[in-house]
């Protein structure tokens, strides 16, 4: 029993170790990566897209990327073509590790356990050198026009170099071609002009062919239209002739039918007239019999109607008389009631009028008393006002009379001097309404303008003269009282001096108080 247990344990340990060994030895490679098992063999084993076993500690596993790698190949400097035109080319290249064992071995010797960037940098210079080499072999126009040929030449030229590294070129595409002297642009312009010229020539030729074709088509269409219209006209003529023939036959048939219809209608009309005459005779006979019966009935009816009408009229007359009697009685009663009501209403109205008049009389009496009181009060107020006003006016007149008596001609002079501007304005007022004045020289030696402008002073002087003649007051003498001549000759006479004042004092008072003196001026 113990031996069996030991054997079982040993077997279990062996199985566990075997499982661990299998797990440690098991490897599996994806399709885009190669696992290289090396050791214990002269040539390494490549595992791609499958699983395998390796001996731990005796064999090693390395990786090699098989994915497609994109490489951007640009010429760092301008490269001259075989025509010595400097160009730059930008191209995109796709590369990958070759699938053959030889290619895998070469790639493994160069890029084992390397990433994509390392591979991309390694092949970039090689591809650029091949591009520069092909550029120097070709013409610029060939490179621009046939990029596919250029790419194929680069691939052919670079394939040996790439094969030595275990790589192959999947695709080579030229992205852009530029030059330093704008040669490509000039070639494009020339090409555009050439193409435009060819296009214009082709267009002109096409338009010419189209015009010719249109003319031929129009001619053919016109010929076909004329032939069709001719055929239509001929067919229309034949149709019209056929219509006339058919119409003639139809008219004959219609005339025959109309004649037959007229004959048949006359026969029917004759039969109808005979039948109608017989019917009228029979009708008249029946009407005579009917009238005789109606007369007999009317006689009996009239007799009965007259008798019944007489009885009805008698009864209606009696009822009408009774109704009129009843109506007169009711009208009399209603009239009496109405008269009674009118009398009562008049009585009430009279009492109301009497009361209203009494109230109105009392109101008028009260109003009269109030108005009398108001009139009395107003009269007293007006009387007081008139009295006060009269006293004031009398006092003012007395004061004015005293002043006038005191100053005499001095006051009159002051009043006249005050109204002199108003007199001058009134004299000149008619001249404001004159719109236009025409002055004609009268030949007297005086200027007409001077005569017209001196009109106002002349009229004012005559007014002062009129005042002198009517009042005896000479304003010019008063105004001269303060002149030098008046003071030396004293040839100025005044009357009406105030009592107790000498002639010299009065003259001096008048000169100082009434006439403007030279000292103030």
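Here are some notes:
- R0 of 56 Å, Cβ-Cβ distance residue 215-residue 267: FRET efficiency to nearest 0.05: 0.15
- Net length available on complete extension from residue 307 to residue 347 is 8.4 nm, with 0.36 nm assigned per residue and the Cα-Cα distance removed.
- Normalised per residue, the volume of the convex hull around the Cα set of segment 1-66 (Å³): 82
- Whole-number percent relative contact order across segment 127-247, with pairs defined as alpha carbons under 8 Å at least 6 apart: 17
- Note on residue 365 and residue 339: with the Förster distance fixed at 22 Å, the Cβ-Cβ geometry gives a FRET efficiency of about 0.05.
- Residue 25 versus residue 148: modelled label distance in nm, points set 7 Å from Cα along the beta carbon direction: 5.4
- Distance between the 7 Å Cα→Cβ label points at residue 274 and residue 139: 12.6 nm.
- Inter-part distance where segment 35-98 and segment 214-236 are each reduced to a Cα centre, Å: 80
- Computed extension gain for residue 94 through residue 476, at 0.36 nm per residue and net of the alpha carbon distance, reaches 123.4 nm.
- Segment 98-179: radius of gyration over Cα atoms, expressed as a fraction of 2.2 N^0.38 Å: 1.22
Quick note: the coordinates plus some simple rules give every number you see, no bench work behind them. Small disclaimer: the values here were computed from a predicted structure and weren't measured. Methodologically, a virtual Cβ is constructed for each residue, glycine included, from the backbone with ideal geometry; neighbour enumeration extends over all protein chains shown.
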